[in-house]
Amino acid sequence: MKCNRLGQSDLNVSEIGLGCMSLGTDEAKAAAIIHEALDRGVNFLDTADLYDAGRNEEIVGRAIRGRRSDVIVATKVGNRRIPGREGWVWDPSKAYILSAVRESLRRLGTDYIDLYQLHGGTIDDPIDETIEAFEELKAAGVIRHYGISSIRPNVIREYVSRSNIVSVMSPYSVLDRRPEEEVLPLLASRGISLIARGPLAQGALTDGGGDKAASRAYPDYSPDELAALRERLARTAASGGRSMTHKAIRFALSHPAVATTVPGASSLAQLRDNIEAGAVPPLTPEEVEQIRQISKANRYELHR
């Protein structure tokens, strides 16, 4: 598995990671997926304190016990659950971050986090205070590096200009090319990496994902347009000797600012199919342009 440097950090992440949100709460099944991923060269696991109310972090932590030094663990903070209430509230305050990290460490069974990410953000947040919390945790050795998970260009711009983030996690796929407009050029100019999530668009860009594509709504695409795109993508994938799944993952990795992509997997079969994308050749510039021609250049609608 090829590894890439994450931004200007000392973290070398596998180009195909594992998005752990899809693992579910069957611990034996989830652990088998994680172990298989590690055995096949995946070293980057992405979770969050929000997933399954912290259960996901616990499952990841137990699965990597005894292999911690071989794994780059990324988790997220900012969504605070209030006891006795449904759901959660947004809380990027320094006090909450310094408190929440202790709980993530406990659930993960570790004394440090490789990449700690703000799980969202708005332009009205106390951004300097948030950055101060991350910097204090880094100075104390509690986290190695920090980043932000966001789809908002104006928020990303603030962290790029005011902090030492090494990465931005954002959706990036054939169906969601929004980072190309502003975010990817900005990150490339500053030596910050994109972590591409959702490269398979919740299964809509997999070889067997026709039913998923038909049953879900995707911004900018009608059902007929999505079906036509899948057909053309499958045709071009076959002509290049790749599956649709592999071509979709390779597209997300095609920009030089993208260090890794984190497709989810709820079964060993899905995991193996995702990982096999690392064994096929990267897309040529001509192939990337061909995909861009059959997909849409999305535009940002969120500005806060």
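The values are calculated or read from the model by the stated rules, or taken from the named source; none is laboratory data. These numbers come from a predicted model, not from an experiment. Using ideal geometry, Cβ is built from the backbone for each residue, glycine included, and neighbour counts are taken over all protein chains shown. Ligands, DNA and RNA are excluded from the accessible area calculation, which covers all protein heavy atoms including side chains. Shrake-Rupley method; radii C 1.70, N 1.55, O 1.52, S 1.80 Å.
Within the straight-line cut-off of under 26 Å between alpha carbons, the lysines reachable from Lys247 are Lys2, Lys212, Lys296, sequence neighbours fewer than 8 places apart in one chain being disregarded.
Bridge orientation summary for the chain: considering DSSP beta bridges with both residues in this region, about 20 percent are antiparallel.
Taking all protein chains as they are arranged and a probe of 1.4 Å, the heavy atoms of Met21 leave approximately 120 Å² accessible to solvent. Calculated FRET efficiency, Ser161 to Arg5, Cβ-Cβ distance, R0 = 25 Å: about 0.70 to the nearest 0.05. Multiplying the residue separation of Asn12 and Ala269 by 0.36 nm and subtracting their alpha-carbon distance yields 89.9 nm. Is the shape of region 191-301 best called rounded, prolate or oblate, per the rule: a/c under 1.5 gives rounded, else a/b larger than b/c gives prolate, else oblate, with a ≥ b ≥ c the square roots of the Cα gyration tensor eigenvalues? Here region 191-301 falls in the rounded category. As a fraction of the 1.4 Å probe accessible area of the chain, surface on carbon and sulfur atoms comes out at 48 percent.
Computed with a 1.4 Å probe over protein heavy atoms only, the accessible surface of the chain comes to 43 Å² per residue.
Partners of Lys94 within straight-line reach, counting lysines whose Cα lies under 27 Å from its Cα and excluding those fewer than 8 residues away in the same chain: Lys76, Lys138.
Charge dipole of region 135-250 (Cα centre as origin; +1 on each Lys and Arg Cβ, -1 on each Asp and Glu Cβ, all else neutral): 320 debye, rounded to the nearest 20.
Among Tyr112, Ser99, Thr206, which residue has its Cα positioned farthest towards the positive end of the charge dipole of region 49-208, with +1 placed on the Cβ of Lys and Arg, -1 on the Cβ of Asp and Glu, and the dipole taken about the Cα centre? Most positive-ward Cα: Tyr112. Once a ≥ b ≥ c are taken as the square roots of the eigenvalues of the Cα gyration tensor of region 1-94, is the result rounded (a/c under 1.5), prolate (a/b larger than b/c) or oblate (a/b not larger than b/c)? Judged from the Cα gyration tensor, region 1-94 comes out oblate (a/c at least 1.5, b/c at or above a/b). For region 107-200, the alpha carbon positions stretch 39, 28, 23 Å along the principal axes, listed from largest to smallest. Accessible area per residue (1.4 Å probe, heavy atoms of protein chains only) ranks Val71, Val89 as Val89, Val71, with the largest value leading. Computed over the alpha carbons of the chain, Rg followed by Dmax gives 18.6, 55 Å. Relative to one another, the C-alpha centroids of region 161-230 and region 85-127 are positioned 24 Å apart. In terms of its C-alpha gyration tensor, region 237-304 comes out oblate, because a/c is 1.5 or above while a/b does not outweigh b/c.
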